[in-house]
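Chemist: Just passing along the structure, written as structure tokens.
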Amino acid sequence: MDASEREQYRAAIHGDREAFEMIIRTHSRALFAIAYGILQNREEAEDVVQDSLVKAWKTRWRVRDPEKFPAWLATIARYRAHDVFRKRRTFPFSEDIIESVEREPTDTTTLDRQLHSALAALPELHRAALTLRYFEEMDYRTIENTLGLTNGALRGILGRALASMRKQLRPALASMD
Amino acid sequence: MATIHDEIDNWLAADLHGELSDEERSALHTHLVDCAACRKTHQENKLMNKILEDTLAQEKADPAFEQRMLAGFRQRIPQRSGLVKLLGDLMHFRPVQITAVAAILLVLVEVGRVITGENPALPRKRERYVENAQVPELPRPASVPAQAGGLAKSDELAAGRSKGERRIVTGSDIATAEQAAAKPAETPAPEVGNRKLIRNATVQLEIGSFDNAVQKITAFANEEHGYVATTSSEKQANGKLRGQVIVKVLPENLDRFLQKVRGLGELKNQTLGTEDVTKAYFDTDARLKNAHVMEQRLIDMLKTKTGKVADLLQVEKELSRVREEIEKMQGQLKYWDSQVQFATVTISLAEKDMEEPAAFLLKERAQLALYAPDVEKIYNDIKALASQRVQITNAQLNRDYSGHISARVSVLIAPEESDAVIARVKDFGRVENFQAQTERIAQGGSGMSENAKTRAKELRTLAEKQNGRVRSSSFSRDPDGREFANVILRVPMKNYNVLMQSLDSLGKVENVSVQRQDRPGAQIDEANAPADISIQVYRQGNIVSHESGLLATLRRTLAQSAGAIMWSLRMIGVAVAFLAPWVVAIVAAIWITKRVIHVRR
């Protein structure tokens with residue numbers, strides 16, 4: 001993290017709105033990726049990002065180390081997404097919604113559906129890591145920082161995530177070959 | 001160590017994502033060449049990666065996403081301006097929060113102290129009130145003996161006779177003295193331009209209540225960083241206290257202290273003096289230094305031990321003299337230091353109406369001139385009356401040149417005998433002249449107690465009307481203004497009923513009990529048998545007015561409810577002061593627990 005970035009986080013923590021808006025510009029995509037990874041739904045993910053940003057602004061004083069600001073943002077988004085996810089599951093019509101969500105896009109191919117269900121079977125963290133990687137093409141280091149993972153843990157996570165997906169989609173992959 | 005084959009998934013993913021170092025990549029590719037299974041996995045993974053890239057690329061946020069987020073954020077968190085923003089921002093920081101909480105706690109504690117009246121610097125009124133409740137004023141006995149019908153008799157009812165003297169140096173005062181003594185270390189004595197000034201003041205005050213005044217003086221002394229050195233008081237026969245309080249205060253606070261003390265009562269006398277001991281002080285100081293030098297020189301002399309023994313002895317003597325001087329000077333300097341450090345205020349206190357008498361002595365003097373043919377016989381008869389209760393103090397018989405005989409006898413008679421004796425003396429001859437004179441002598445003070453003994457007097461006249469006489473009477477008054485008079489009358493039986501009826505006219509009879517004592521064997525003259533009547537007259541205190549009726553009840557009720565409200569207010573304050581820290585602590589604990597749980601999740 002370079003000094004100017006650090007300074008930006010510090011300013012945001014101290015209530016500098018412009019700095020915070022700058023952070024929104026640079027980080028909201030990553031937050032979206034995380035939220036989408038967990039929720040598999042664009043609208044919900046967008047709401048989650050919005051909520052998370054508001055909450056982050058309101059509770060920014062809790063961050064004492066400016067370096068941890070991005071990770072903290074990601075944590076908020078993850079919890080928020082998690083909450084939404086849980087609520088959705090306890091909601092009586094949740095099944096229908098999921099189904100409708102899954103069926104909704106008209107151009108969705110069989111492969112797409114299979115891919116999404118395979119994604120849904122993954123642990124939350126794995127999904128978030130995958131989306132961060134494939135949405136934003138972040139390098140491992142940045143992803144680790146964002147998700148608050150220790151050095152080198154991501155390689156195992158992504159490896160397992162890919163392997164799991166591969167196994168689930170094996171028939172489809174075989175047909176593609 | 002795990003081989004590439006074991007962790008092929010991780011290696012392959014990292015390879016696809018371009019996160020392998022050159023070495024790692026070549027190692028992986030070497031392995032892939034050897035291992036067919038891994039090669040197959042690699043192929044599948046590549047395909048998987050491709051699908052993910054293709055599919056998820058569609059799902060990612062659209063280009064306008066950031067703008068939407070920003071707009072949403074701006075809408076939901078409107079820009080605050082000015083002071084509110086500053087305060088809001090400030091409140092987000094831990095040190096500021098801690099300070100705020102501490103301030104709130106402090107305020108609560110202070111409020112609690114105000115309410116419970118712990119703080120000596122707080123309104124004195126309540127404390128005074130408590131004092132009054134706890135230490136009721138000493139009753140001021142004022143008994144008046146009112147005797148009638150004696151030739152010359154004296155009685156004394158001086159309940160307040162006992163002279164109490166007390167000398168207090170209270171423990172708490174000593175403690176404050178120590179606290180106060182610690183102060184001057186920081187605030188040096190007022191040596192104006194290094195001058196040594198001793199300030200003294202004497203104040204003479206007339207106050208309402210001695211104990212109250214002492215309490216207040218102690219409080220004032222504490223406020224001005226001083227202390228009460230000694231208190232002494234003396235109780236007068238009439239129950240009033242007179243005393244002296246010596247207070248030490250910091251000289252710079254002296255004027256303020258005096259101002260406060262003056263407010264306690266009526267100022268009778270005040271002196272304020274300043275003694276400048278600068279010159280004497282520094283003279284002594286210089287002399288002390290010289291003496292020290294001298295002492296050292298003498299010690300040196302002794303050490304070298306040259307010279308004759310007599311000389312050495314002389315030196316020794318000189319040394320002891322010098323040392324004594326040094327000690328004296330040091331003592332003097334110390335004394336001055338202590339005097340300069342604190343100004344001494346001597347406050348003489350005397351309660352109001354100091355001169356009010358404690359008791360009255362009633363003397364009755366009767367002069368009786370008898371004309372008798374045989375003076376000598378009567379003279380002897382009267383002398384024969386002498387007994388323990390009838391003492392002849394002076395008797396003279398004169399015969400003038402023309403043959404007239406006159407005699408003069410002074411008799412001191414006990415009160416209860418006086419009537420009988422006078423009656424007997426009257427029988428000895430023809431009464432020429434009879435004069436009775438009552439004299440009242442105030443005891444333990446001068447002046448008159450102007451308070452109503454009128455009822456007692458009325459009783460006396462009433463009794464006299466009914467041919468009886470007052471045997472004894474006393475009068476006393478409560479501190480709260482209630483007055484009591486006790487009168488014992490003796491009337492002949494036949495007049496008893498008339499007297500009792502007329503008693504009704506004097507006031508409301510509250511309680512009557514009648515007792516008859518017959519002595520067997522004694523000759524009873526029903527009509528003239530003595531009836532002893534003991535009457536207690538009292539008047540309700542004028543401070544607590546004796547009122548009945550709707551208004552009085554209403555007033556009492558209102559006063560009580562006001563008192564109850566004040567009490568409950570106080571209790572609420574105490575409860576808040578006690579509970580608030582707990583509430584804050586519990587809230588903080590809950591918050592921390594929440595945080596911990598939150599972090600764990």
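The values are calculated or read from the model by the stated rules, or taken from the named source; none is laboratory data. Source: prediction; values computed, not measured. Positions of Cβ are backbone-derived with ideal geometry, glycine not excepted, and every protein chain shown enters the neighbour counts. In case anyone asks, the SASA skips ligands and DNA or RNA and just uses the protein heavy atoms, side chains included. Shrake-Rupley method; radii C 1.70, N 1.55, O 1.52, S 1.80 Å.
Chemist: Quick check on segment B:202-213. Is at least one of its residues under 30 Å from B:K279 (Cα atoms) and either at pLDDT 80 or above or surrounded by 14 or more Cβ atoms within 10 Å (Cβ to Cβ) (or both)? Steps first, answer last, please.
Modeler: First, pick out the residues of segment B:202-213 that are under 30 Å from B:K279 (Cα atoms): B:202-203.
Imposing the further condition that a residue be either at pLDDT 80 or above or surrounded by 14 or more Cβ atoms within 10 Å (Cβ to Cβ) (or both) reduces the set to B:202-203.
Scanning segment B:202-213, I find at least one residue that is under 30 Å from B:K279 (Cα atoms) and either at pLDDT 80 or above or surrounded by 14 or more Cβ atoms within 10 Å (Cβ to Cβ) (or both), so the answer is yes.
Chemist: Also: Of the residues that make up segment B:65-83, is at least one open to solvent by 50 Å² or more (accessible area, probe 1.4 Å), in a helix (DSSP H, G or I) and either over 30 Å from A:Q40 (Cα atoms) or of a type in the set (D, E) (or both)?
Modeler: Restricting attention to segment B:65-83, the residues satisfying the condition of being open to solvent by 50 Å² or more (accessible area, probe 1.4 Å) are B:67-68, B:71, B:74-76, B:78-83.
Now restrict to residues that are in a helix (DSSP H, G or I): B:67-68, B:71, B:74-76, B:82-83.
Next cut, either over 30 Å from A:Q40 (Cα atoms) or of a type in the set (D, E) (or both) only: B:82-83.
For segment B:65-83, residues open to solvent by 50 Å² or more (accessible area, probe 1.4 Å), in a helix (DSSP H, G or I) and either over 30 Å from A:Q40 (Cα atoms) or of a type in the set (D, E) (or both): present.
Chemist: Out of the residues in segment A:119-133 that are at the interface with chain B (Cβ under 10 Å from one of its Cβ atoms) and open to solvent by less than 10 Å² (accessible area, probe 1.4 Å), which is farthest from A:A35 (Cα to Cα)?
Modeler: At the first step, the residues of segment A:119-133 found to be at the interface with chain B (Cβ under 10 Å from one of its Cβ atoms) are A:119, A:130-131, A:133.
Next, only the ones that are open to solvent by less than 10 Å² (accessible area, probe 1.4 Å) stay: A:119, A:130-131.
On the way: A:L119: 13, A:L130: 12, A:T131: 9 Å.
Among those residues, the one meeting the criterion is A:L119.
Chemist: Right, something else. Collect the residues in segment A:43-53 that are open to solvent by less than 10 Å² (accessible area, probe 1.4 Å) and either facing chain B (nearest Cβ under 9 Å) or among the aromatic types (F, W, Y) (or both), keeping them in residue-number order.
Modeler: Narrowing segment A:43-53 to residues open to solvent by less than 10 Å² (accessible area, probe 1.4 Å): A:45, A:48-49, A:52-53.
Selection gives A:A45, A:V49, A:L53.
Chemist: Residues of segment B:43-64 being open to solvent by less than 20 Å² (accessible area, probe 1.4 Å) and in contact (Cβ under 8 Å) with a residue 12 or more places away in the chain, which ones?
Modeler: B:N45, B:N49
Chemist: Restricting the search to segment B:84-107, which residues are facing another protein chain (nearest Cβ under 9 Å) and exposed (fewer than 11 other Cβ atoms within 10 Å of the Cβ)?
Modeler: B:R94
Chemist: Could we say that B:E7 is farther than 22 Å from A:H27 by Cβ, open to solvent by 70 Å² or more (accessible area, probe 1.4 Å) and within 8 Å of chain A (Cβ to nearest Cβ) here?
Modeler: On the way: farther than 22 Å from A:H27 by Cβ: yes; open to solvent by 70 Å² or more (accessible area, probe 1.4 Å): yes; within 8 Å of chain A (Cβ to nearest Cβ): yes.
Against the criterion (farther than 22 Å from A:H27 by Cβ, open to solvent by 70 Å² or more (accessible area, probe 1.4 Å) and within 8 Å of chain A (Cβ to nearest Cβ)), B:E7 qualifies.
Chemist: Among the numbered criteria (1) touching a Lys or Arg at 6+ places or on another chain (Cβ under 9 Å); (2) crowded, with 21+ Cβ neighbours inside 10 Å, which single criterion is violated by A:Q40?
Modeler: (2)
Chemist: Right, here's the next one. Restricting attention to segment A:134-167, and to residues there that are acidic (D, E) and at negative phi, which single residue is farthest from the other protein chains (Cβ to nearest Cβ)?
Modeler: So in segment A:134-167, the residues acidic (D, E) come out as A:136-137, A:139, A:144.
Now narrow it down to the ones that are at negative phi: A:136, A:139, A:144.
Values: A:E136: 7, A:D139: 7, A:E144: 11 Å.
In this case the residue turns out to be A:E144.
Chemist: Here's a follow-up. Which of the helices (runs of 4 or more DSSP H) found entirely inside segment A:1-90 contain at least 1 residues meeting this: within 11 Å of the chain's Cα centre (by Cα)?
Modeler: On the way: elements: A:3-13, A:17-39, A:42-58, A:69-90.
Helices (runs of 4 or more DSSP H) meeting the threshold: A:17-39, A:42-58, A:69-90.
Chemist: Among the listed residues B:L12, B:L28, B:L32, B:L20, which satisfies the condition of being within 13 Å of chain A (Cβ to nearest Cβ), open to solvent by less than 30 Å² (accessible area, probe 1.4 Å), free of Cβ contacts under 8 Å to residues at least 24 places away in the same chain and not charged (D, E, K, R)? Working first, answer last.
Modeler: Values: B:L12 fails: free of Cβ contacts under 8 Å to residues at least 24 places away in the same chain; B:L28 fails: free of Cβ contacts under 8 Å to residues at least 24 places away in the same chain; B:L32 fails: within 13 Å of chain A (Cβ to nearest Cβ).
Of B:L12, B:L28, B:L32, B:L20, the one residue that is within 13 Å of chain A (Cβ to nearest Cβ), open to solvent by less than 30 Å² (accessible area, probe 1.4 Å), free of Cβ contacts under 8 Å to residues at least 24 places away in the same chain and not charged (D, E, K, R) is B:L20.
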